[in-house]
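The values are calculated or read from the model by the stated rules, or taken from the named source; none is laboratory data. Since the model is a prediction, treat every value here as computed from it, not as a measurement. Note that each Cβ is placed from the backbone with ideal geometry, even for glycine, and that neighbours are counted across all protein chains shown.
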Amino acid sequence: MRIATWNINGIKARLGLLLTWLEQEKPDIVGLQEIKSVDEGFPRAEIEALGYNVETFGQKSWNGVALLSRLPFDEVHRGLPGDDSDEQARLIEGVFSIEQGVVRVCNIYLPNGNPVDSPKFPYKLAWMDRLATFCEKRLALEEPFILMGDFNIIPAPIDAHDPEAWWGDALFRPESQERFRALLNLGLRDGLREVTDEASYTFWDFQAGAWRRNNGIRIDHLLLSPQAADRLEMVKVHRDVRGWDKPSDHVPVEGRFTL
DNA sequence: ATGGTCGAACGTCGA
């Protein structure tokens, strides 16, 4: 089974790119972030025509996440528990039946948190604390569970081409990194780090020739429960997609599993 | 070293 995460940065501007990639790669499950669309505006028919079931959790202009799956959805959950006043669409989870039982895939768009002297940074940290509580409950199920998405976290200096430039940024702040490690310390595994110790970026800014200079960062992750990590075959960062016409600033990251 | 780019939506925010 092939499961991918991709911050698409606007589904309307990126539909052609997405369809081309889906036809080429034929992943089983895809989590999209930053669809920047309400549910009614999401181009579901075009994606369904390629054989995918589509579930969205959209919002006007900003944020928004979606799950695409060749398997039918047994369950869908929208929103991160723990704060009824949080109206930002940043989490959608699907549960799917497989031969050996189930696989649970949670797709997130974690808050960016910049600027750090604004309310956005404490919102990010509180969101991550809520996410840890959520993951604790998911891990207790002892299922193959994949938490994937745009985490807006650079876990370590090797995950940035120019780590000095990110000093003080919400993506690199110790408060952010320690909460990312807290997820790992619950028992989740960093999928990419299961397969390589090398630098492997997933985002290159649109500005200042970042792609041309390979000035990238790794902020899109697949975190795996032990039951999912046991079945991990490989993780592939589809970096070639960053060089396609009208790309997103993020590329797809795919995990392959013997599920 | 500095200024630089996108998307959504039509002014300006968010990244």
Residues of segment A:6-42 satisfying the condition of being of a type in the set (Asp, Glu) and either near DNA strand B (Cβ under 9 Å from one of its atoms) or within 14 Å of A:Val65 (Cβ to Cβ) (or both): A:Glu34, A:Asp39
Matching residues in segment A:179-207 - criterion: being more than 29 Å from A:Pro122 (Cβ to Cβ) and small (Gly, Ala, Ser): A:Ala199, A:Ser200
Residues of segment A:80-117 that turn out to be hydrophobic (A, V, I, L, M, F, W, C) and in a loop (DSSP other than H, G, I, E, B), as a count: 4
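Condition check ((1) at pLDDT 95 or above; (2) polar (S, T, N, Q); (3) within 11 Å of DNA strand B (Cβ to nearest atom); (4) within 16 Å of the chain's Cα centre (by Cα)) across all residues:
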{"residue": "A:Ala160", "(1), (2), (3), (4)": "yes, no, no, no"}
{"residue": "A:Ala165", "(1), (2), (3), (4)": "yes, no, yes, no"}
{"residue": "A:Leu171", "(1), (2), (3), (4)": "yes, no, yes, yes"}
{"residue": "A:Pro174", "(1), (2), (3), (4)": "yes, no, no, no"}
{"residue": "A:Arg181", "(1), (2), (3), (4)": "yes, no, no, no"}
Extreme residue, nearest to DNA strand B (Cβ to nearest atom), among residues of segment A:43-54 that are touching a helix residue (DSSP H, G or I) at 6+ places or on another chain (Cβ under 6 Å) and of a type in the set (A, V, I, L, M, F, W, C): A:Val54
Filter result (buried (at least 17 other Cβ atoms within 10 Å of the Cβ) and either outside any strand (DSSP E or B) or in contact with a Cys (Cβ under 9 Å, 6 or more places away or on another chain) (or both)) within segment A:215-230: A:Asn215, A:Arg218, A:Ile219, A:Leu223, A:Ser225, A:Gln227, A:Ala228, A:Ala229
Residues being over 14 Å from A:Val103 (Cα atoms) and more than 16 Å from DNA strand B (Cβ to nearest atom) - total across segment A:55-67: 1
Among residues of segment A:143-158, those that are in contact with a Pro (Cβ under 8 Å, 6 or more places away or on another chain) and either surrounded by fewer than 22 Cβ atoms within 10 Å (Cβ to Cβ) or modelled with pLDDT under 95 (or both), counted: 1
Sole residue being in contact with a Pro (Cβ under 9 Å, 6 or more places away or on another chain), among the small types (Gly, Ala, Ser) and surrounded by fewer than 16 Cβ atoms within 10 Å (Cβ to Cβ), chosen from A:Ser97, A:Ser118: A:Ser97
